[in-house]
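Participant: My structure is below; once you've seen it, I'll send some questions.
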Amino acid sequence: MTTHTEIRVFEAGDTDAVVALWESAGLTRPWNDPRADIRRKLAVQPELFLVAVESGRIVGSVMAGYDGHRGWLYYLATVSDRRGAGIGRMLVEAAETRLIAMGCPKVQLMVRTENEGVRGFYDSIGYEPFDIWMTGKRLIAD
Ligand SMILES: CC(C)(COP(=O)(O)OP(=O)(O)OC[C@H]1O[C@@H](n2cnc3c(N)ncnc32)[C@H](O)[C@@H]1OP(=O)(O)O)[C@@H](O)C(=O)NCCC(=O)NCCS
């Protein structure tokens with residue numbers, strides 16, 4: 001029997017499972033409170049915060065945003081026992097579909113330098129690396 005994977009908008013009741021997913025996927029950092037990140041996202045374009053669900057279990061997430069110029073993806077993760085099953089691709093495509101519907105011309109994301117292993121995934125889904133360095137400043141401490 002093939003597993004049915006549903007992509008739907010995040011709901012508040014998903015919080016614990018999504019935080020656990022991010023922690024196990026290595027996406028959280030001590031200076032970034034994931035629950036605060038979720039609260040902020042629920043206030044800004046919550047319809048672009050998506051989860052993948054199989055038989056009621058959260059198996060993936062992606063948090064997208066459109067700033068009026070570019071679309072961004074954050075917190076893309078799938079549970080370790082379901083990797084390679086196409087869920088990551090489904091999540092990215094679902095986010096892209098919603099961004100296109102908003103008129104967003106390009107989507108991009110940041111990958112931590114140490115996360116070399118994920119390059120093959122982005123190559124597979126048609127994302128092209130570009131030569132840039134990032135800079136930033138924290139405005140609100142968590
Ligand atoms: C990156 C991640 C979301 C990929 O999710 P996934 O559900 O395994 O991806 P998919 O099954 O949809 O894979 C899509 C394609 O990418 C390929 N792929 C997936 N992971 C890969 C990897 N590490 N190296 C090379 N190719 C990879 C798959 O083989 C598949 O290729 P195909 O379509 O040609 O068969 C998942 O590995 C993950 O959660 N990693 C930890 C968190 C993380 O690093 N997130 C990204 C932050 S920038």
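Participant: Looking at region 100-121, which of its residues are touching a residue at least 12 places away in the same chain (Cβ under 8 Å) and within 13 Å of the chain's Cα centre (by Cα)?
Facilitator: Scanning region 100-121 gives V107, Q108, L109, M110.
Participant: Got a sec? Which strands (runs of 3 or more DSSP E) wholly within region 9-110 have at least 1 residues that are small (G, A, S), within 16 Å of the ligand (Cβ to nearest atom) and buried (at least 18 other Cβ atoms within 10 Å of the Cβ)? Can you show your working first?
Facilitator: Numbers: elements: 49-54, 57-66, 71-78, 107-109.
Strands (runs of 3 or more DSSP E) meeting the threshold: 49-54, 57-66, 71-78.
Participant: Please work out which residue is nearest to M90 (Cα to Cα), limiting yourself to region 111-142 and to residues that are open to solvent by 80 Å² or more (accessible area, probe 1.4 Å) and polar (S, T, N, Q).
Facilitator: T113
The values are calculated or read from the model by the stated rules, or taken from the named source; none is laboratory data. Model, not experiment: these values are computed from the prediction. In this analysis, Cβ positions are derived from the backbone assuming ideal geometry, glycine residues included, and neighbour counts consider all displayed protein chains. Protein only, heavy atoms only, side chains kept; ligands, DNA and RNA dropped before computing areas. Shrake-Rupley method; radii C 1.70, N 1.55, O 1.52, S 1.80 Å.
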